[in-house]
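Comments concern the structure below.
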Amino acid sequence: MDATDTPLGAFLRPTPLLLAAGAVFLLVGSLTSTIFAQQTVAGLAQGAIFASLALALVLIYRATGVINFAQGEMAMGTTYIAYQLTLWGLSYWLAFFCSLGIAFVLGALIQATVIRPVQHKSVIAVVIVTIGLFILIDGLVAWKWGGDIKFMDAPFGNAVYHGGGVAFARQDIGTLAVTVVSVLVLWAFFRFTKAGLGLRAGAVRPAAARLVGVRVDALLAVGWGLAAMLGAISGLMTEPSQFLQPTMMQPILLYAFAAAVLGGLESPAGSVVGGLALGVFLNLIGQYVGFATSELRLPIAFAVLLGVLLLKPHGLFGRKEVRRV
Amino acid sequence: MRAALAARAGTLAIVAVILALLPFQLSNYHQGLAARVGVYFIAILGLNVLTGYTGQISIGHGAFMAIGGYTTAIMSADHHTNLIATLPLAFAITFACSLLVGLPALRFSGVYLALATFALAVSVPQLPLKFSKFTGGSNGIRTVDAPGNLWLYGVTWACGALLFAGAWLLLRGRIGRAFRAVRDSEIAATSSGVELPVYKTLAFGVSAAYAGVAGSLFVLATNGFAQPNEFGILLSLKILIGAAVAGLGSLWGVLVGAVFIGMLPEISSSVPLVGSSHGQDVVFGLLVILVMLLLPTGVAGMLGRLVRGRART
């Protein structure tokens, strides 16, 4: 089913045009209204969080064709680990980088122990295992740390910058910067390193990649580790606004799903653009549409997901999938 | 073949007699518990029609239970509808709602339905908070009268029997064959003349409608209260876990899955780990992962192998 099959989809076809129009709209709006500008920047920062979790999902989807439903809970779990490290006296940023390393190891371990044995059975089997991980991690965290809200130090402080009459929270700028840097590092990994290229080869043609000496299984574990690291970044960046609680990443996972589908499930660049666009969209609609109160944020993201499936099923950057019999 | 059929009918009769006599042996409290097992039985039965027979995954059956449950609560509280009359209504309304999700999501591979239903499960509990005038907000809404446990047991298991028979009739013939063809290979099914959108949507609709009835009974079993936090994402996950532990594609396993999901929370809190609700989540999670790794056909598949193995010797 191609986008051109639906009349409205055909209308939306030129993606770059759409994105340029969106950017111009945001720029003009920001120049005319300071509230608009403030909401846009805050939206970009939230969108950056959605983007990093969406990128983690897309990484795994491209490599194995399944969605890791436990991605959000893994992120929540590693954020609790960072919290525990700060309790033990580590500084915030030391704990941040340590927990990224721990996330990588845990992600790779999960792939090697529980995902690999069911990977070739069926999509259902893998999805159900990730659901099992979801509820397992949820239970373990609530058991160890309890269900009440915990707090960590603010990573970027509470300072606010002023420029052109607009107040920018340092927190928002910092979140955006961390996400941009992590996406760039990831891009460089897939573009310039042997492991990254091997991972891409293994995703496209596992059998052929194996024949030329790529250790596909080991690299899949690396892929899961990288996804877990990205997830950990999204969890740590969520903490300042949502605080630590076992359910903190469940809404973020929904936003990440909507962002990944909006960008095209197959497209890493799409998931980043989709995340940023969704973040800004949710903030602006919350500001200017009276009906869209905070209770409706999740249902609106869900409606975006369904709307994309109806109008442009392969997302902004996705391509039509071709299947062999 | 005839012997196998007779054996099956015999087992069915025995299970039916046990279920019919059971409430007279149980205390009032345990009648309520057995009724709750019946609620999970219906929900898992519905999910099994979809996941076990058509190979599509729904992580949103808790949301459909919410829709059914709120239908019953609102109809009773605002319109004084007879409680039993709300059950078919819940069936119909949930069926219609499922089409809203199913029609966009079922056109693609199963992953998209899983994504969309997960999003449904997370976002539906938000809606009663927004439309609190109709739904009572976070306090919930209550049916006019809450039925007793014996009534609940009778109605739940009567519905369970009716829906079980319905599922069996649906799956044994032409439609069931089409469902299984979709599960085994969508491409082969299409080339044999199975219209994928029709059969996938039908399976999803029926499956969701079963969950809707289960949701109605779920509300009646919680003193007639429908509250948003009763229908969170964990409910959806538990139903999927029940279906997986029981064995996908087996109607008999559903009973095992329902007992597992319904009884685990009843284990005394004096038992270490399993007694607390977080500990139960750990057990649910560990067990479903182990089942998928070690017994991919679930408990039903394992029992089936044991029975067949003994018959051969």
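The values are calculated or read from the model by the stated rules, or taken from the named source; none is laboratory data. Quantities reported herein were computed from a predicted structural model and do not represent experimental measurements. Cβ sites come from the backbone with ideal geometry, for glycine too, and all protein chains shown count toward neighbours.
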Practice item. Could you please let me know if A:Val105 is buried (at least 20 other Cβ atoms within 10 Å of the Cβ) and either touching a residue at least 60 places away in the same chain (Cβ under 8 Å) or in contact with a strand residue (DSSP E or B) (Cβ under 7 Å, 6 or more places away or on another chain) (or both)? Key: no
Exercise for review: Identify the single condition in (1) closer than 25 Å to B:Val37 by Cβ; (2) of a type outside the set (S, T, N, Q); (3) part of a helix (DSSP H, G or I) that B:Ala146 does not satisfy, given that it satisfies every other one.
Suggested key: (3)
Review point. Exactly one of (1) within 14 Å of chain B (Cβ to nearest Cβ); (2) modelled with pLDDT under 85 is unmet by A:Ser30. Its number?
Key: (1)
Revision key, fill the gap. Across (1) surrounded by fewer than 19 Cβ atoms within 10 Å (Cβ to Cβ); (2) at pLDDT below 90, B:Ala158 clears everything bar (2)
Review point. Is there a residue in the range B:198-214 that is modelled with pLDDT under 85 and surrounded by fewer than 18 Cβ atoms within 10 Å (Cβ to Cβ)?
Key: no
Review point. Hey, among A:Leu253, A:Leu282, which residue is within 11 Å of another protein chain (Cβ to nearest Cβ) and surrounded by 22 or more Cβ atoms within 10 Å (Cβ to Cβ)?
Key: A:Leu253
Exercise for review: Could you tell me whether B:Ile44 is buried (at least 17 other Cβ atoms within 10 Å of the Cβ), in contact (Cβ under 8 Å) with a residue 40 or more places away in the chain and not in a helix (DSSP H, G or I)?
Suggested key: no
Point to revise | Residue check, B:Leu103 crowded, with 20+ Cβ neighbours inside 10 Å and farther than 12 Å from B:Ile67 by Cβ | key: no
Exercise for review: Residues that are within 14 Å of chain A (Cβ to nearest Cβ) and free of Cβ contacts under 8 Å to residues at least 60 places away in the same chain: find the helices (runs of 4 or more DSSP H) completely inside the range B:48-124 holding 3 or more of those.
Suggested key: B:83-105, B:110-123
Exercise for review: Could you tell me which residue of the range A:113-166 is nearest to the other protein chains (Cβ to nearest Cβ), considering only residues that are among the aliphatic types (A, V, I, L, M) and loosely packed, with under 14 Cβ neighbours inside 10 Å?
Suggested key: A:Ile149
Check your understanding: more than 12 Å from chain B (Cβ to nearest Cβ), at pLDDT 90 or above and within 21 Å of the chain's Cα centre (by Cα): does that describe A:Leu305?
Key -> no
Point to revise | Residues of the range B:222-233 satisfying the condition of being surrounded by 23 or more Cβ atoms within 10 Å (Cβ to Cβ) and either at pLDDT 90 or above or within 14 Å of chain A (Cβ to nearest Cβ) (or both) | key: B:Phe231, B:Ile233
Review point. Of the residues A:Ile110, A:Ile35, which is within 14 Å of chain B (Cβ to nearest Cβ) and either over 23 Å from A:Val181 (Cβ atoms) or in contact with a strand residue (DSSP E or B) (Cβ under 8 Å, 6 or more places away or on another chain) (or both)?
Key: A:Ile110
Practice item. State the number of residues belonging to the range A:251-273 that are under 12 Å from A:Ala48 (Cα atoms) and under 10 Å from the mean Cα position of the chain (by Cα). Key: 6
Exercise for review: Could you give me the residue pairs with C-beta distances under 6 Å whose first residue belongs to the range A:68-83 and is without any contact (Cβ under 8 Å) to a residue 60 or more places away in the chain, whose second residue is of a type outside the set (Gly, Ala, Ser) wherever it lies, and which are 6+ apart or on separate chains?
Suggested key: A:Ile81/A:Ile102
Point to revise | Check on B:Ala221, aliphatic (A, V, I, L, M) and under 27 Å from B:Ala9 (Cα atoms) | key: no
Check your understanding: Consider A:Glu295 against the criteria (1) away from chain B (no Cβ under 13 Å); (2) at pLDDT below 90; (3) closer than 23 Å to B:Leu129 by Cβ; (4) in contact with a Leu (Cβ under 7 Å, 6 or more places away or on another chain): it satisfies all of them except one. Which criterion is unmet?
Key -> (1)
Exercise for review: Specify which of the listed residues (B:Ala188, B:Ala165) is closer than 30 Å to B:Leu26 by Cα, modelled with pLDDT of 85 or more and surrounded by fewer than 18 Cβ atoms within 10 Å (Cβ to Cβ).
Suggested key: B:Ala165
